[in-house]
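Report on the structure given below.
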């Protein structure tokens, strides 16, 4: 049985700029765009489309911390990001239905941009927001299997992503931000592409359909060699029909709250009994 890897790859970006005759806005000065990618694990075939979500929506400039207010070791800061479900288009539905729909899939989100919230002249490449890399992963910092990227690593990953988006656009065509999709297998092999290990950072960005993955955003913290800043845009998942969704997680109530509630109910019962007497 062939295996397909479904990647919801986010190249985040502003929708008001970018390359002419290119469906995906290339990461640049406050630009980038969400991309969805499907990879056949057996033969490396790849499907891709722009998802029309900005990288600055995942990590808003207002959330970005200064170097002095972000000490090393700070847990990932929530960005408050969420999005409406993104349904599979016709091309993706057809791609997923190959082999009578018996293939298995995985998904991911990947994105990036530069100069987050900055004006001309641009921010330094290792400054917070100078380069931003966004990706999903089952790995976590708390578990010790995810490392916060250095300023140099973020800069290198964003540069590699820009190259890949340029390649994608050469095949997809369309207009920047229009959501056009295409089979891009002529230039991409899903079994060997460095993007699926976060461009040499040995971080797997894929997970099976139905699994919840963290959406991370990383940027420099003022130094090329030191660990940068880490943010989280929450959890994302992909359904079996190819719909990409933000995961809403209910916050569990502390045990004391449940005890208080049960006590109040008990008091209410006593009052009812006394009233009936």
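Summary of computed values
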read-out: Test: residue in region 231-240 that is assigned to a loop (DSSP other than H, G, I, E, B) and either at pLDDT 90 or above or surrounded by 18 or more Cβ atoms within 10 Å (Cβ to Cβ) (or both); value: yes
read-out: Leading residue by the ranking (nearest to residue 106 (Cα to Cα)) among those in region 180-192 that are surrounded by fewer than 19 Cβ atoms within 10 Å (Cβ to Cβ) and touching a strand residue (DSSP E or B) at 6+ places or on another chain (Cβ under 8 Å); value: 191
read-out: Residue list for region 85-102, restricted to those being part of a loop (DSSP other than H, G, I, E, B) and touching a residue at least 12 places away in the same chain (Cβ under 8 Å); value: 85, 87, 88, 89, 102
read-out: One residue from 124, 111, 129 being surrounded by 13 or more Cβ atoms within 10 Å (Cβ to Cβ) and on the phi > 0 side of the Ramachandran plot; value: 129
read-out: Boolean, residue 111 is touching a residue at least 40 places away in the same chain (Cβ under 8 Å) and in a strand (DSSP E or B); value: yes
read-out: Residues within region 3-49 that are part of a loop (DSSP other than H, G, I, E, B), surrounded by fewer than 24 Cβ atoms within 10 Å (Cβ to Cβ) and modelled with pLDDT under 50, tallied; value: 8
read-out: The one condition in (1) part of a loop (DSSP other than H, G, I, E, B); (2) surrounded by fewer than 23 Cβ atoms within 10 Å (Cβ to Cβ); (3) in contact (Cβ under 8 Å) with a residue 24 or more places away in the chain; (4) more than 19 Å from the chain's Cα centre (by Cα) that residue 203 fails to fulfil; value: (4)
read-out: Residue in region 162-172 that is under 26 Å from residue 64 (Cβ atoms), under 19 Å from the mean Cα position of the chain (by Cα) and free of Cβ contacts under 8 Å to residues at least 24 places away in the same chain present; value: yes
read-out: Residue tally, condition surrounded by fewer than 19 Cβ atoms within 10 Å (Cβ to Cβ), modelled with pLDDT of 95 or more and touching a strand residue (DSSP E or B) at 6+ places or on another chain (Cβ under 9 Å), over region 141-155; value: 0
read-out: Residues of region 50-64 satisfying the condition of being out of contact with any strand residue (DSSP E or B) (no Cβ under 6 Å at 6 or more places or on another chain), assigned to a loop (DSSP other than H, G, I, E, B) and at negative phi; value: 54, 60, 61, 62, 63, 64
read-out: Any chance residue 118 is more than 25 Å from residue 182 (Cα to Cα), in a loop (DSSP other than H, G, I, E, B) and modelled with pLDDT of 85 or more; value: no
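The values are calculated or read from the model by the stated rules, or taken from the named source; none is laboratory data. Values in this document were obtained by computation on a predicted structure and should not be read as measured data. Cβ sites come from the backbone with ideal geometry, for glycine too, and all protein chains shown count toward neighbours.
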